[in-house]
Amino acid sequence: EPEVTQTPSHQVTQMGQEVILRCVPISNHLYFYWYRQILGQKVEFLVSFYNNEISEKSEIFDDQFSVERPDGSNFTLKIRSTKLEDSAMYFCASSDSAENEKLFFGSGTQLSVL
Amino acid sequence: DAKTTQPNSMESNEEEPVHLPCNHSTISGTDYIHWYRQLPSQGPEYVIHGLTSNVNNRMASLAIAEDRKSSTLILHRATLRDAAVYYCILLNSGGSNYKLTFGKGTLLTVNP
């Protein structure tokens with residue numbers, strides 16, 4: 001079965017540094033998402049992306065966050081100046097439809113901000 | 001988003017059926033019922049979804065009450081690999097974004 005690939009699996013960074021989390025969604029999918037999960041807490045929606053623009057974002061997704069689809073295959077999440085509270089598992093997801101089809105998630109990138 | 005209520009945890013024995021309940025008394029007519037699960041150290045994984053009729057796929061069955069205020073995810077023969085957190089999520093068909101709102105889910109433990 002096709003899968004969503006995320007790299008790196010672990011990322012350690014210093015507070016205030018920029019990080020870019022990378023994702024390769026499933027090739028024929030058109031809708032892309034980032035979610036995150038702080039240790040021991042719920043999975044939280046961050047942002048959805050379609051047709052090269054953000055379609056919806058949560059309150060968590062402030063000006064420090066940005067997303068990009070730099071080419072036909074990658075989808076990235078950038079955190080401009082990381083804070084300690086950004087430490088979490090970040091999941092990329094994709095789907096081929098906006099309506100009630102399954103969402104495919106990657107295995108996640110564990111971000112640790114020191 | 002309409003809310004769901006699930007037990008915090010359930011336990012099962014290997015090779016026995018498991019019935020995971022979900023209450024969604026405020027469900028609207030256009031809300032689909034989705035189930036995802038999250039294995040340890042993995043991303044969420046789609047299990048099944050439905051609107052009104054019961055649904056079956058290779059992973060599980062979904063039984064939806066006639067009034068749609070509750071549903072049950074059925075794993076017909078639990079294996080150790082089914083130990084995970086199971087999330088019941090309502091998704092409105094009128095939305096333009098596939099935005100899942102995860103709750104705490106049910107932690108399923110499968111005993112050998």
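The values are calculated or read from the model by the stated rules, or taken from the named source; none is laboratory data. Here the structure is a predicted model, which is why all the values come from computation and not from measurement. Don't worry about glycine lacking a Cβ; one is built from the backbone with ideal geometry, like all the others, and counts go over all protein chains shown.
Per-structure values
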read-out	value
Residue in the stretch A:49-70 that is loosely packed, with under 15 Cβ neighbours inside 10 Å and on the phi > 0 side of the Ramachandran plot present	yes
Residue under evaluation A:Q41, criteria (1) facing chain B (nearest Cβ under 10 Å); (2) in contact with a strand residue (DSSP E or B) (Cβ under 6 Å, 6 or more places away or on another chain), criterion not met	(2)
One residue from B:S71, B:S28, B:S12 being part of a strand (DSSP E or B), of a type in the set (S, T, Y), more than 23 Å from A:E3 (Cβ to Cβ) and touching a residue at least 60 places away in the same chain (Cβ under 8 Å)	B:S12
Qualifying strands (runs of 3 or more DSSP E) (wholly inside chain A; at least 2 residues being under 12 Å from the mean Cα position of the chain (by Cα))	A:5-7, A:19-24, A:31-37, A:43-50, A:65-68, A:75-79, A:88-95, A:109-113
Criterion: more than 10 Å from chain A (Cβ to nearest Cβ) and modelled with pLDDT under 95 - qualifying residue of B:N23, B:N54	B:N54
Single residue of A:G72, A:G16 found to be under 14 Å from A:L111 (Cα atoms) and away from chain B (no Cβ under 11 Å)	A:G16
